[in-house]
There are 2 protein chains.
Amino acid sequence: MFESAEIDHVLTKDAYEHAEAELREALLAAQLALREQGKQAVLVVIAGVDAAGKGETVQLINTWLDPRRVHTFAFDAPTDEERDRPPLWRYWRALPPKGEVGIFFDSWYNAPLQAFVDGTIDAAEFDRAIERATRFERMLANEGFVLLKLWFHISKKEQRRRFRELEKHKATRWRVTAKDWRNFEAYDRSIAAASRAVRESSTDFAPWIVVPGLDERYRAVTVGRALLDALCNDDVPAQPAETAVHPVAAVDEHNVLRALDLAGSKLDEADYERELELWQGRLAKCVRRAKFRKRSLVVVFEGVDAAGKGGAIRRVTAPIDPRHYNVVATAAPTDEERARPYLWRFWRHLPRLGKLVIFDRSWYGRVLVERVEGFCSTSDWMRGYSEINDFEEQMVEHGAIVVKLWLQIDMDEQLRRFEDRQTAAIKRHKIGPDDWRNREKSSRYEQAVTDMIDRTSTEMAPWTLVEANDKNFARVKVLRTICERLEAAL
Amino acid sequence: MFESAEIDHVLTKDAYEHAEAELREALLAAQLALREQGKQAVLVVIAGVDAAGKGETVQLINTWLDPRRVHTFAFDAPTDEERDRPPLWRYWRALPPKGEVGIFFDSWYNAPLQAFVDGTIDAAEFDRAIERATRFERMLANEGFVLLKLWFHISKKEQRRRFRELEKHKATRWRVTAKDWRNFEAYDRSIAAASRAVRESSTDFAPWIVVPGLDERYRAVTVGRALLDALCNDDVPAQPAETAVHPVAAVDEHNVLRALDLAGSKLDEADYERELELWQGRLAKCVRRAKFRKRSLVVVFEGVDAAGKGGAIRRVTAPIDPRHYNVVATAAPTDEERARPYLWRFWRHLPRLGKLVIFDRSWYGRVLVERVEGFCSTSDWMRGYSEINDFEEQMVEHGAIVVKLWLQIDMDEQLRRFEDRQTAAIKRHKIGPDDWRNREKSSRYEQAVTDMIDRTSTEMAPWTLVEANDKNFARVKVLRTICERLEAAL
């Protein structure tokens with residue numbers, strides 16, 4: 001994997017100065033064009049052997065480009081806010097908006113590489129981590145990111161020479177630590193792991209570029225050219241070829257929604273009051289349990305228009321200390337959100353440990369309204385299913401309990417509620433022309449919902465369908481579902 | 001101060017239910033109107049005696065209002081990201097956007113109250129903290145916030161009774177801690193401090209409402225009515241009466257800018273190379289010093305158009321590890337920024353300890369371009385001076401070194417550079433019709449700049465004027481200024 005990088009590539013001073021002058025001008029122009037088009041972001045991922053010139057190169061890139069549009073992040077020990085979320089959260093929050101350049105010093109490869117070399121994970125786990133990284137990168141590529149992954153390499157001999165050189169001088173001695181020497185001892189194992197990672201995560205959408213670290217000038221020009229290519233990339237965004245295979249509608253009239261007993265699922269007032277109190281009490285108790293401080297709760301509310309999401313949410317929040325929950329109403333994205341990948345607007349709201357967040361509509365918009373209304377391409381919503389499953393898997397693995405509720409009412413009940421909303425002054429804001437239009441597309445929505453359930457109801461984050469013609473019944477079922485999931489998990 | 005709150009206010013169950021039903025409907029309607037108008041945010045600040053019903057009341061507010069537009073924050077122990085910034089940073093980041101409601105459980109009053117009661121600060125320091133809180137609130141009020149500050153009160157006797165009651169039952173015992181009893185011992189001193197705080201910070205724009213905590217129903221209706229008033233407030237925004245006294249122009253032709261020796265401030269190429277290397281080396285050394293890990297550096301670049309800010313910034317960043325700095329180019333605000341007070345967009349970029357941030361244009365836009373172009377009202381930019389001084393004072397007190405640089409060129413030099421920009425392809429994006437228009441307003445800008453320097457050049461964050469007709473001279477002076485400030489501080 002790194003053979004070519006150990007060849008003695010050398011560039012003369014003259015050749016370098018000539019190449020650099022050209023590069024500088026071209027890079028600045030390309031950066032400006034990137035910004036003016038505003039369709040892509042460039043993310044430079046820096047990895048590789050210590051003392052191979054990573055820091056120097058990043059500094060060089062910052063002098064070549066306009067530093068006002070370059071954002072460099074070093075991911076040292078996570079902060080406590082970061083530790084309380086899934087590992088990728090810190091990278092998500094640092095993603096640059098379209099039109100700009102991000103440089104990630106260390107990345108999602110670091111932790112698995114270190115763990116594999118230390119022997120705390122085995123090859124299968126390592127491969128799984130790399131596969132995950134690849135899925136994350138595929139999503140980024142599909143969302144308009146140009147990924148430039150640079151792997152800096154020098155030979156073991158050269159590394160030792162550099163460490164010793166640095167140790168000789170008072171001014172640079174601090175740069176070589178005991179940990180560096182320990183890593184040096186593990187050089188061969190590290191290279192084996194790195195080789196495996198580079199091989200498995202070199203994809204068509206995000207290949208690794210191995211940078212020979214030996215000669216400073218050769219290294220600089222190699223990086224400069226690769227960066228120029230990345231900045232000039234104009235396959236915007238690199239859309240996968242559309243597949244002809246789409247989810248197919250059931251051939252008969254049966255589906256999971258129609259199988260619900262909407263008419264029969266009722267609760268009279270007295271039972272409702274009793275059950276409400278019971279489940280609200282249990283819920284309040286759950287989130288106060290000491291064990292919950294190491295977990296978090298994410299509740300997703302989706303449902304047909306006027307199914308009663310708002311009322312159900314209020315019954316869930318009522319018994320809980322408001323310091324512990326947050327309700328996120330998914331609305332039109334802000335311009336900061338539009339400049340970043342679709343899921344960014346949800347990642348930013350993930351709760352800390354010990355807290356809960358309720359999403360009133362959610363990332364499922366991608367495979368529901370955006371699909372049906374054509375707000376995104378077919379491949380966008382088709383890839384949405386697996387991106388969503390990845391997202392939820394990360395939450396669950398980090399300790400979140402993910403409860404997803406679909407509130408279903410039938411067409412007659414919806415009509416009754418729409419008409420009611422139009423007459424009651426206080427409810428009039430809840431109904432608009434969009435609602436009537438969506439109603440006409442109900443069969444297309446139904447198809448989208450059943451596909452969504454089939455593809456995203458996973459063992460770790462299952463969907464619960466809630467019969468919501470009767471509000472009492474629906475509210476109690478919502479509360480009971482959340483409680484039971486919590487109690488099972490704690 | 002709290003005498004009325006100890007009277008036995010009681011509300012019958014009937015009276016309560018009647019009042020509550022009315023309130024609920026009115027509150028929801030008012031919340032909706034707040035949102036639709038989108039001109040104000042309501043911030044509810046919760047403070048007062050323990051066990052007086054603060055938690056219960058916040059929970060109640062959340063059931064009355066649509067919880068999807070209410071954001072409740074408890075400010076417990078600060079996170080490490082918060083500790084690395086000035087104390088108000090955590091409140092700034094939690095400010096709700098216009099149209100929404102924020103509830104701050106604990107606030108900027110907590111720390112000074114606790115410290116005063118504990119005896120770690122004296123009365124003068126306490127008053128100063130309260131005065132500061134007031135200035136912060138005045139800014140919020142001017143920026144479209146309706147502040148509802150609720151002080152919950154019960155008598156010492158009642159507090160003891162409640163603590164004992166809570167301790168009796170297994171389910172509530174955990175709510176009373178040793179710290180609560182310690183605070184109980186200090187009840188009288190706490191009330192004296194609170195009384196002083198409430199008196200001094202009850203202003204026309206943010207008065208305290210003292211809520212009697214004894215009767216649950218009376219308390220609820222008191223808060224409900226106050227909240228309704230806050231939501232319905234339509235003095236948007238409460239602009240202070242305009243003063244007739246404005247900064248006056250110098251009566252002669254002298255001013256600090258014209259006093260600069262622009263023509264004589266030069267550096268030849270050889271001297272430049274030598275000095276550049278010298279100061280870049282010293283700068284790199286400074287930010288690597290162990291002492292800098294407890295400090296931060298904020299550099300503000302302002303200047304006339306084409307004065308060479310970008311080039312100077314690149315000379316400053318070149319010697320520094322990109323992991324330690326960030327350059328913020330101030331551009332048109334995003335919609336998330338526009339929905340919040342003016343300074344929010346800058347607070348969010350404040351560096352952690354050990355880091356530095358360079359602002360390419362800054363909060364001084366308020367008293368420069370916004371003033372001259374009329375983008376804000378006279379009272380907006382007039383109050384800008386003291387808001388800016390407060391902002392910088394907070395940074396400095398938290399350990400930041402604030403360096404402010406004004407780059408000045410004369411009209412002839414500017415014309416030369418404009419023409420140069422129009423001909424060079426790579427520079428053409430740097431010049432537009434705005435630049436030519438601004439040039440025609442140069443005397444008004446000059447007035448704004450001299451006022452800015454007079455009013456915001458403080459001993460802790462002084463302005464440095466940089467003669468920038470000669471780029472070499474300017475770049476070295478910029479580097480030297482930053483170095484000398486750093487070296488003096490470390």
From the label point of B:Lys157, set 7 Å along Cα to the beta carbon, how far off in nm is each other copy's matching point, shortest first?
9.1
Roughly speaking, what is the centre-to-centre gap between the stretch B:316-351 and the stretch A:437-467 when only Cα atoms are used, to the nearest Å?
41 Å
Once both labels are modelled 7 Å past Cα along the beta-carbon direction, what's the B:Arg175-A:Ser4 spacing in nm?
6.9 nm
At R0 = 51 Å the Cβ-Cβ FRET efficiency linking B:Glu336 and B:His254, nearest 0.05, sits at 0.70
As a test of understanding, state the convex hull volume per residue of the stretch A:353-397 from its alpha carbons, in Å³.
65 Å³
Per-residue average of Cβ from other chains inside 10 Å of A:323-331:
4
What are the label-to-label distances in nm, one decimal and shortest first, from B:Glu131 to the same spot in the other copies, with labels 7 Å along Cα to Cβ?
6.6
Along the Cα-to-Cβ line of A:Asp261, 7 Å from the Cα, sits a label point; which residues in the stretch A:440-465 have backbone N less than 17 Å from it?
A:465
Compactness check, the stretch A:420-489: C-alpha Rg relative to the 2.2 N^0.38 Å globular estimate gives 1.46
Rg(Cα)/(2.2 N^0.38 Å) for chain A, N = residue count:
1.15
Between helix A:54-64 and chain A, what is the angle of the helix's C-alpha long axis to the longest principal axis, kept within 0 to 90° and rounded to the nearest 10?
80 degrees
Whole-number percent relative contact order across the stretch A:269-489, with pairs defined as alpha carbons under 8 Å at least 6 apart
32 percent
Inter-part gap, Cα centre of the stretch B:7-49 to Cα centre of the stretch B:159-212, in whole angstrom, is 22 Å
Gain in span if fully extended, B:Ala270 to B:Cys232, counting 0.36 nm per residue against the direct Cα distance:
6.9 nm
Taking the stretch B:399-475, which GluC sites (Glu not before Pro) meet the DSSP loop condition and have no more than 10 other C-beta atoms within 10 Å?
B:Glu459
Return the tail of the calculated pair distribution for the stretch A:4-232, meaning the percent of Cα-Cα pairs more than 30 Å apart.
25 percent
Assuming a ≥ b ≥ c are the square roots of the Cα gyration tensor eigenvalues, decide whether the stretch B:25-119 counts as rounded (a/c under 1.5), prolate (otherwise, with a/b larger than b/c) or oblate.
oblate
Is there a quick way to get the dipole size of the protein assembly as shown? I mean about its Cα centre, with the Cβ of Lys and Arg at +1 and of Asp and Glu at -1; what is the value in debye to the nearest 20?
2380 debye
Which entries in the list A:Lys98/B:Lys355; B:Lys54/B:Lys170; A:Lys266/B:Lys54; A:Lys98/B:Lys309; B:Lys291/B:Lys471; A:Lys441/B:Lys98 go over 27 Å, if you measure between the two C-alpha atoms of each?
A:Lys266/B:Lys54; B:Lys291/B:Lys471; A:Lys441/B:Lys98
Which whole number in µm²/s is D for the stretch A:165-227 by Stokes-Einstein, with the Kirkwood Rh taken over Cα pairs at 20 °C and 1.002 mPa s?
149 µm²/s
In Å, what Rg and Dmax follow from the Cα atoms of the protein assembly as shown?
30.9, 92
Using only alpha carbon pairs under 8 Å that are at least six residues apart, calculate the relative contact order of chain B and give it in whole percent.
19 percent
When B:Cys376, A:Cys286 are ordered from fewest to most other Cβ atoms inside 10 Å of their Cβ, what list results?
B:Cys376, A:Cys286
Between B:Leu28 and B:Glu419, what FRET efficiency follows from the Cβ-Cβ distance if R0 is 45 Å, with the result rounded to 0.05?
0.15
Just to verify a number: FRET efficiency for A:Arg160 and B:Asp76, C-beta to C-beta distance, R0 = 56 Å, to 0.05?
0.70
Least to most buried among A:Ser377, B:Ser107 (fewest other Cβ within 10 Å first):
A:Ser377, B:Ser107
For a footprinting-style exposure proxy, rank B:Asp215, A:Asp14, A:Asp271 by other Cβ within 10 Å, fewest first.
A:Asp14, A:Asp271, B:Asp215
Can you list the distances in nanometres, one decimal and ascending, from the B:Thr177 label point to the identical position in each other copy, with the point 7 Å along Cα to Cβ?
3.3
Averaging over all projection directions, find the projected area of the Cα convex hull of the stretch B:269-489 and quote it in nm² with one decimal place.
12.5 nm²
Karplus (6.51, -1.76, 1.60) ³J(HN,Hα), θ = phi - 60°, over the stretch B:284-301, in Hz, Gly and Pro reported as x
4, 5, 4, 6, 8, 5, 4, 4, 5, 5, 9, 10, 9, 10, 10, 10, 10, 9
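Where a number appears in this text, it was derived from the coordinates with a stated rule and is not lab data. In this text, all values refer to a predicted model and were calculated from it rather than measured experimentally. Glycine gets a Cβ as well: all are built from the backbone with ideal geometry, and neighbour counts include every protein chain shown.
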